[in-house]
Amino acid sequence: MKRVLLSLALMVSAIAIQAKTLVIYYSYTNNVHNIVTELTKHIEADVVRIEPAEKGLDYAANNYAIGSALISAIRNNPNDPAAYPAIDPVNVNLADYDCIIIGAPLWWSNMAAPLQTYLFHNGSAMAGKKIGLIVSSASSGISGVEGDAKRLIPDGDFLSPSLWIRSSQTSDAASMISDWLKTIGYDTTTAVEDIEADQNIGKYTIFSISGAMVAKDALSLQNLDKGIYIIDGKKFYIK
C-alpha cells in the first residue's frame, strides 16, 4: 500500500506529459524539409537541419557527380573520418532526448553524405534512444539508408517500420506521417514526465533510459544529472 501511495504522489507532483524528441535532417531539394515541416505539425519536437560546410555546391550538376563522389568515398572507407564531408557545427545536447527522428534523402541507395557525417560523429551518443527514420527518394528502395543508420547508430533502439515517402508522395506526407506515428506507437514510446531534481521520491531504484541501474533505494534525485530516467517503470525527465 505504501508503494502505491508513493507512486501516486510521484505522478501528481510531475508536470504534464510531453515528448522529448529531436528531429535531425538534411535536405538539398527541400523535399525532406517539407516532410519535416509537416511532421512538426503532428508532434512536439526540437529540429536541427544539417548543413554542409562548403557552400554553393551544385549537387545536381553533371548528374549529381559531387554527391556520387561523396557517397563513394564513404563506401570505400566507412571508418575513416576523412571520408565524410565537413558540415557546419551543430549545437545540441543529445542527452536531453529519448527519441530521435532522422529525416534522410537517399543518394545512390545510401543516406545523404552530410547527414552521414553528423551520425558518424554523434551516433554513439544515441545509444539506447528510440530512433525513427524517414526517408525521401525518387524511386529506389530504402534498405541502404536503413543500413547506414544502423551502422552509424549501432546501439540505437530503432522503431519499425521506417517511413518511406517517395518524392511524388510529398504532397500526401500529412496522412502518411499520421499513419506512421500510430504504427510505431509514437505517443506511448515517447511519454515522459518532468520532475524537479529536488523532488523527494521515497525509496526507488533508478535506471537510465538504456536500462542501466544508476541509483538503488534512492530517496531523492539531487545527485543525478539532468536527463531521462526510469523510476517505478515510468520515464521521467529530471530538470
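The values are calculated or read from the model by the stated rules, or taken from the named source; none is laboratory data. The structure presented is a predicted model; accordingly, all values stated were derived computationally and were not measured. Positions of Cβ are generated from backbone atoms using ideal geometry, with glycine treated the same way; all protein chains shown enter the neighbour counts. What goes into the accessible areas is simple: the full protein's heavy atoms, side chains included, and nothing from ligands, DNA or RNA. Shrake-Rupley method; radii C 1.70, N 1.55, O 1.52, S 1.80 Å.
Observations on the structure shown:
- Region 88-101, subset open to solvent by 30 Å² or more (accessible area, probe 1.4 Å) and assigned to a loop (DSSP other than H, G, I, E, B), residue farthest from H33 (Cα to Cα): N93
- Whenever a residue of region 151-174 is more than 22 Å from I131 (Cβ to Cβ) and at pLDDT below 95, its partners that are among the acidic types (D, E) and not in a strand (DSSP E or B), lying with C-beta atoms within less than 8 angstrom and at least six residues away or across chains, give the pairs A174/E38.
- Number of positions in region 119-133 that are open to solvent by 10 Å² or more (accessible area, probe 1.4 Å) and either touching a helix residue (DSSP H, G or I) at 6+ places or on another chain (Cβ under 7 Å) or not hydrophobic (A, V, I, L, M, F, W, C) (or both): 8
- Check on A104, of a type outside the set (K, R) and part of a helix (DSSP H, G or I): no
- With respect to the conditions (1) open to solvent by 40 Å² or more (accessible area, probe 1.4 Å); (2) under 15 Å from L115 (Cβ atoms), K41 falls short on a single one, namely (2).
- For region 128-150, a residue qualifies if it is outside any helix (DSSP H, G or I), within 14 Å of the chain's Cα centre (by Cα), at pLDDT 95 or above and among the small types (G, A, S), and exactly one does: G132.
- Residues in region 18-38 that are over 12 Å from I134 (Cβ atoms) and open to solvent by less than 10 Å² (accessible area, probe 1.4 Å): T21, L22.
- Only one entry of E51, E44 meets the criterion of being closer than 25 Å to I177 by Cα, touching a strand residue (DSSP E or B) at 6+ places or on another chain (Cβ under 8 Å) and at pLDDT below 95, and that entry is E44.
- Of the criteria (1) farther than 25 Å from I102 by Cβ; (2) at pLDDT 80 or above; (3) surrounded by 13 or more Cβ atoms within 10 Å (Cβ to Cβ), which one I195 fails: (2)
- For region 159-183, a tally of residues being part of a helix (DSSP H, G or I), over 30 Å from A127 (Cβ atoms) and not acidic (D, E) returns 7.
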